[in-house]
Each structure stands twice: as C-alpha cells, then as structure tokens.
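J.: Handing you a structure now.
Just so it is clear, none of the values below were taken in a lab; they were calculated from the coordinates. Predicted model, so just to flag it, every value in this text is computed and none were measured. Cβ placement follows ideal geometry from the backbone for every residue including glycine, while neighbour counts extend to all protein chains displayed.
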Amino acid sequence: MVARQHRSPTLTHNEVESLPPISNVRSLPREALLALWIELHGTPPPARLSQTFLRRFIAFDLQACTKGPLPQSAKSQLAKLAAGKTSAAKPVLKSRGRYLREWNGVTHVVDVTDQGHLYKGETYQSLSAVARAITGAHWSGPRFFGAPRGTSETHSPVRRRAK
C-alpha cells in the first residue's frame with residue numbers, strides 16, 4: 001500500500017482572505033467541512049475520512065495558506081526521520097553548564113567544561129565517572145544527575161587530574 005502524500009493547497013491572496021479562521025473549523029458541521037475541503041483541494045476528501053481527521057487536515061491547510069508551508073529543511077528532516085535514516089539530536093549539556101545532585105544529605109556540584117566534568121577540583125571524562133566517585137558504585141551518570149533523557153556522554157569514563 002502506498003501512502004498518500006498530503007499536499008497543501010496553493011491559493012491566491014484573495015482566496016486565502018475568504019477562508020474561515022482556523023478557530024472556526026472546530027465548530028463546522030460535516031457538510032461545511034466537506035465543502036471547505038473541496039474548495040481547498042478541488043477534489044472530494046478520501047472516502048470515510050472521519051470528521052476529526054477532516055478538521056485536522058483542514059486546520060493544517062488553513063495554517064499553511066495563512067502562515068506559509070513548512071521550510072524545505074524541516075520537510076527534509078521529517079522525510080529522513082520517517083525513513084529511519086536519522087535519529088533526533090540528543091540533548092547535551094554545553095560547556096559552562098552545571099549539574100546539582102543531593103546524595104546522602106550532601107549537595108554535589110558538577111561543572112561542565114570543555115575538558116570534561118569538573119567535580120571537587122578534578123576533571124572526569126563522563127558523568128558516570130563522577131557518579132561513581134560520589135556513590136562508590138556504578139551508576140548511569142545522566143540518570144544519577146537527572147539529565148534529560150537521551151543525553152549522551154561523549155567522553156570515555158577515564159578520570160584525570162584537573163590542570
């Protein structure tokens with residue numbers, strides 16, 4: 001089965017001005033939604049398209065007509081994601097960021113630097129190494145510090161002295 005690609009309509013300025021506001025789409029009856037679809041696309045909607053999806057498609061089309069379509073870069077990224085060719089960027093705390101964690105009644109502060117993670121005057125190459133220094137046990141550093149899900153550690157877990 002081939003997926004049907006949804007294309008937003010291209011209308012003139014005058015035609016866009018005559019369209020109802022997006023906020024009104026929610027209250028339109030089915031007959032008005034069908035007529036609006038035909039006005040936007042020039043063809044009837046797919047058979048058995050629910051009123052909920054009809055409203056969503058029409059609201060998207062109205063938004064695209066008034067605000068403009070998605071930028072090509074966004075379309076390309078969405079196509080790559082749909083094809084499974086790339087994954088979303090993983091959040092990484094930038095240099096000069098700071099992690100705080102209370103453990104056994106003590107607040108531990110870790111500063112993120114260009115060289116790694118600075119904790120008590122020593123530079124660690126990963127949050128996991130810092131978590132191990134704090135707890136004495138193996139921990140996932142991002143989990144221990146409550147970092148956003150998917151945060152990657154780019155350094156190997158080797159400890160070295162700060163300079």
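J.: Tell me, in nm to one decimal, what length is gained between Ser50 and Arg98 on full extension, where the rule is 0.36 nm per residue of separation less the Cα-Cα distance?
T.: Going from the current span to full extension adds 12.4 nm.
J.: So if I take the centroid of the Cα atoms in region 26-91 and the same for region 97-142, what is the distance between those two points in Å?
T.: Going from one Cα centre to the other spans 46 Å.
J.: How far is it, in nm, from the label point at Glu17 to the one at Val106 when both lie 7 Å from their Cα along the line to the Cβ?
T.: Going by the 7 Å Cα→Cβ label model, 7.1 nm.
J.: Let me ask something additional. Kindly identify region 45-87 as rounded, prolate or oblate by the Cα gyration tensor criterion: order the square roots of the eigenvalues as a ≥ b ≥ c, call it rounded if a/c is under 1.5, otherwise compare a/b with b/c, prolate if a/b is larger, else oblate.
T.: It comes out oblate by the Cα gyration axes.
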